[in-house]
Amino acid sequence: MKAVVFAYHNMGVVCLQQLLKLRDPKVEVAAVFTHHDDPNENVWWKSVAWEAALRKIPVYAPENVNEEPWPKVIWDLEPDVIFSFAYRNMISDEILNAATEGAFNIHASKLPLYRGRCPVNWSLLEGAESSGVTIHRMTSKPDAGDIVAQREFRLPDNWTAQQTHTVVNRIAPTLLRNMLQKLAHGKLRGRKQDLTKGFYRGKRTPGDGNIYWLRTVKEIKNLVRAVTWPYPGAGTWFSRPAEERIISGSLKVYRPEVELEFIYVWVVTGRECDIVSKVGTVLSTDPFRVVCADGYVDIKVAQLEGDVVKSGVQVAQELSLVPGDRLGWRG
């Protein structure tokens, strides 16, 4: 069985490895298409390009694979199957139709839920109690083709995106192996998705990590775990109005200008309770406790721009925060 593989990220690596070690069926990977790493991203995942290069598999990373000469290149390879493993771009019907046995994508959710981009992050952000891994036939619409294999797993409410990806990347290769064995023996069946029972989510950006203290304890905890390291992180602004008095011991000083700081928030806990203070108000600095819509959040691990990761208590001390200060406002 000859395959053309579109892949990126750790899922791309583990699934490519699975293809290459299969014996029933034996898979020849004719080419791998991947992406150039974005210099503006924290690239914490393994390299598909390296994995393919070490196996002497041709590797390509075109800006747009749907433009010439790439469709012809792929047709000339005469693939039986095309696979997409965490590939970030849409692939045209012209290319998908080159595979005589079909084109298949592995998606990190239980489709039809969380179709589209960043399904792991979105599922945590929105407090989903379970997720899954799905293999589906590829069509012109993203994540909308017939499902040929799927496995569900529970999502504990303290898992981070990285922990969830680790589980996804354990499940995906096994699901892929079983699916390919069925395909090779003519036993692969699919079922249409009921798209009315699911939904689509779009791309996330670092700016989506801003903490709005009008949110509930649960919502803020979900945001933080969905985008904590190695993702860009959640965070909040702190601005000290001009001429505000700061008391450090018995010393009184004045800041002549507004100071603006962004606090990256990596780990939080929280409690739902009635508090009369305004949202965003610092209740204490040890613990670093902040009021939200239905209680408070304790910032356990945080970081200032250009600095190293520190405890929330140390960050609060270094900012000279005092109870009554407010986060989330720019002055």
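The values are calculated or read from the model by the stated rules, or taken from the named source; none is laboratory data. Predicted model, so just to flag it, every value in this text is computed and none were measured. Reconstructed Cβ throughout: ideal geometry from the backbone, glycine too, with neighbour counts over all protein chains shown. What goes into the accessible areas is simple: the full protein's heavy atoms, side chains included, and nothing from ligands, DNA or RNA. Shrake-Rupley method; radii C 1.70, N 1.55, O 1.52, S 1.80 Å.
Restricting the range 202-234 to residues that are charged (D, E, K, R) and farther than 20 Å from ARG88 by Cβ, which is least open to solvent (accessible area, probe 1.4 Å)? Out of the qualifying residues, it is ARG225. Tallying residues that are in a loop (DSSP other than H, G, I, E, B), open to solvent by 10 Å² or more (accessible area, probe 1.4 Å), within 20 Å of LYS218 (Cβ to Cβ) and modelled with pLDDT of 95 or more within the range 279-331 yields 4. Scanning the range 70-119 for residues that are open to solvent by 30 Å² or more (accessible area, probe 1.4 Å), at positive phi and not small (Gly, Ala, Ser) turns up GLU78, CYS118. Among the residues of the range 101-118, those identified as part of a strand (DSSP E or B) and touching a residue at least 60 places away in the same chain (Cβ under 8 Å) are PHE104, ILE106, ARG115, GLY116.
Beta carbons closer than 8 Å, at least 6 apart along the sequence or on distinct chains, never pair a first residue in the range 146-160 that is hydroxyl-bearing (Ser, Thr, Tyr) with a second that is at pLDDT below 95. Contact map, the range 89-100: residues that are closer than 9 Å to TRP75 by Cβ and modelled with pLDDT of 95 or more paired with residues that are among the aliphatic types (A, V, I, L, M) and assigned to a loop (DSSP other than H, G, I, E, B), Cβ distance under 9 Å, separation 6+ or inter-chain. Pairs shown: ILE95/VAL65.
Of all residues in the range 159-181, those that are loosely packed, with under 14 Cβ neighbours inside 10 Å and either basic (Lys, Arg) or over 17 Å from GLY132 (Cα atoms) (or both) total 1.
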